[in-house]
Amino acid sequence: MSKIEARLAELGITLPEPPAAIATYVGFVQTGNLIHVSGQVSTDASGGVKGTVGVDVDFDTAVKAARLCGVNIMAQLKVALGDLDRVVRIVKLGGFVQAGPDFYDVPKVINGCSDLMVEVFGDAGRHARAAVGVYKLPVNFAVEVDAVVEVK
């Protein structure tokens, strides 16, 4: 078992099979030593977290939704690399929250994903980031996060 997979097991995280793309794109693209992971939504086997944060999704649930996005990013990386120990650095996350008109804690929601990257990858999980509130996300998911990752 790799070091990162052992860490995931300690955290009680099992990586799912990545969901299939719902449009004309692929889950990740590698160019040189960078992998660009397409936006991963807050989905899981139970259907995930859908709705508008601050309207019908509360803050704590939204943070968990962002964490789900992080799990799905790692699932894509596992498919791309075979071994998550090949991750050198999480370079950048782009976070999107389907936010209600009076919801302003978008960065705090995306911390759910950011914190997970640091929990799993340590200092290599510290990254640059954008956190944006949006009107709608695909299929009404509450959160979506994409990633740029340096690999060896």
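Read the figures in this text as sums done on the coordinates, not as results from a lab. All values derive from a computational prediction rather than experimental measurement. Reconstructed Cβ throughout: ideal geometry from the backbone, glycine too, with neighbour counts over all protein chains shown.
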**Message:** Using the Karplus curve 6.51 cos²θ - 1.76 cosθ + 1.60 with θ = phi - 60°, what ³J(HN,Hα) values do you get for each residue of the stretch 11-23, in whole Hz, with x for Gly and Pro?
**Reply:** 7, x, 9, 10, 6, x, 5, x, x, 6, 4, 9, 8
**Prompt:** Each label point is 7 Å from the Cα along the Cα-to-Cβ direction; what then is the distance between the points at E119 and V55, in nm?
**Reply:** 2.9 nm
**Request:** Return a whole-number percent for the relative contact order of the stretch 34-152, with Cα pairs under 8 Å and 6 or more residues apart as the contact set.
**Result:** 44 percent
**Message:** Explain nothing, just the number: dipole magnitude of the chain about its Cα centre with +1 on each Lys and Arg Cβ and -1 on each Asp and Glu Cβ, in debye rounded to the nearest 20.
**Reply:** 380 debye
**Item:** chymotrypsin sites (Phe, Trp or Tyr not before Pro) within the stretch 34-140: DSSP coil, no more than 14 neighbouring Cβ in 10 Å
**Value:** Y104, Y135
**Request:** Quick one: P(r) of the chain from all Cα-Cα pairs, 10 Å bins, percents rounded to integers, in order of increasing distance.
**Result:** 12, 45, 34, 9, 0
**Message:** Could you work out [θ]222 nm for the chain from helices alone, using -39500 (n - 2.57) per DSSP H run of at least four and dividing by all its residues? Round to the nearest 500 deg cm²/dmol.
**Reply:** -10000 deg cm²/dmol
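Run the numbers for T31 and S46: contour at 0.36 nm per residue of separation, minus the present Cα-Cα distance, in nm. If you can, show how the numbers build up before the last one.
Details: separation 15, 0.36 × 15 = 5.40 nm, distance 3.34 nm.
Here the segment from T31 to S46 would lengthen by 2.1 nm.
Suppose R0 equals 41 Å; then what is the FRET efficiency for T14 and Y104 from their Cβ-Cβ distance, rounded to the nearest 0.05?
Working: r = 34 Å, r/R0 = 0.82.
Given R0 = 41 Å and the Cβ-Cβ separation, E is 0.75.
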**Item:** Segment I22-K136, extension gain: residue separation times 0.36 nm, minus the distance between their alpha carbons
**Value:** 39.5 nm
**Request:** Would you work out which of V63, V41, G125 lies farthest towards the positive end of the dipole of the chain? Charges go on Cβ: Lys and Arg +1, Asp and Glu -1.
**Result:** G125
